[in-house]
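Nothing in this text is a laboratory measurement; each read-out follows from the coordinates by a stated rule. Note that the structure is a prediction, hence the values are computed from the model and not measured. So basically every Cβ, Gly included, is an ideal-geometry build from the backbone, and we count neighbours across all protein chains shown.
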Amino acid sequence: MTATHESHTHQDGTAAVPPVVDRAAWQTARDELLLREKAHTHEGDAIAAARRRLPMTEVDGTVAVVGQNGPTMLLDLFEGREELIVYKHMWHLGEPFENQCEGCTLTYWAVQDPAYLTARGVSFAVFAKAPHVELAPFVEFMGYPQHWYSVFDIEEPIVGGDTFEDFGYWTVFLRAGDRVFLTYRNTGRGSEVTMPALALLDMTPRGRIEAWQDSPEGWPEGRSAGWFWRSDEDGAGSGGDAQVEGRPAIQWSRPGATPVAAGRHRHNH
């Protein structure tokens, strides 16, 4: 059986599942948890309010990134709007499509169409530290919108990469006339804000089945974080094995996605 269809039992042979109660008892327990969920939401609102009060720092708006139409100034990516959100996508130079970062693929996939951002007056772009000639075929293969830009030779650290360079991260800019300011950045688990699949898994009894999560006794043994972000041709998660042959899971839906040749092992991100 694949990792997604294993059964899990206690040592006495009974199934490792939540306790069974009547509907009234279930509703009582659900209402108790709802109080905690609401408190969590309210704390998130308070953090967002603090985020709006962060200071900002100026960056060089004349820095030129390279898109499908050639060099474009950072300032021009605002397209006349006041705010700009950028995702910095990890890139492994010279690697085939299947070896590009599965975590960044998941982070960006659900928000690739920025219609609701632009309707609100916020522009959107993706940067990657790769020559555009290498980046363009990947964007075409994935069927992504043409808002991807190469920052391969950019010296400005906020645009081209600094201490966050080895990771994917979100950056927010604010424009005041012809001046551009950095207002916010995050990476790591902060990027989960655009990973709705993880939020849905957190609603399930089994969760993400990752080693760090707190699960009841008898639950599936946790694996390395993100073990299911990459899958084999049949859609089964990789199990966290750095040597597994596969692709970032969504790539299998792309036209022309073929089985990965033996020996084309991925990086261990």
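The amide H of Ala16, built 1.01 Å from its N in the peptide plane, has His8, Thr9, His10 as neighbours under 5 Å, considering only residues 5 or more places off or on other chains.
Sequentially through the range 171-186, phi angles give Karplus couplings (6.51, -1.76, 1.60; θ = phi - 60°) of 10, 10, 10, 10, 9, 10, x, 9, 9, 10, 10, 7, 10, 7, 8, 8 Hz, Gly and Pro residues having no value and appearing as x. Cα centroids of the range 106-127 and the range 183-262: how far apart, whole angstrom? One Cα centre to the other: 22 Å. Each Cα pair under 8 Å and six or more residues apart adds its sequence gap; the mean of these over the residue count of the chain is a relative contact order of 21 percent.
Other residues lying with their Cβ under 9 Å from the Cβ of Leu74 contribute a combined charge of -3, Lys and Arg counting +1, Asp and Glu -1.
Under the criterion of Cα pairs below 8 Å and six or more residues apart, the relative contact order for the range 62-195 equals 31 percent. A Förster distance of 30 Å, applied to the separation of the beta-carbon atoms of Ala257 and Val17, puts the FRET efficiency at 0.25. Modelled spin labels at Arg179 and Ala29, positioned 7 Å past Cα toward Cβ, are 5.7 nm from each other. Amide H to amide H distances under 5 Å link Val59 with Val180, Phe181, Leu182, where only residues 5 or more positions off or on other chains count and H is placed in the peptide plane.
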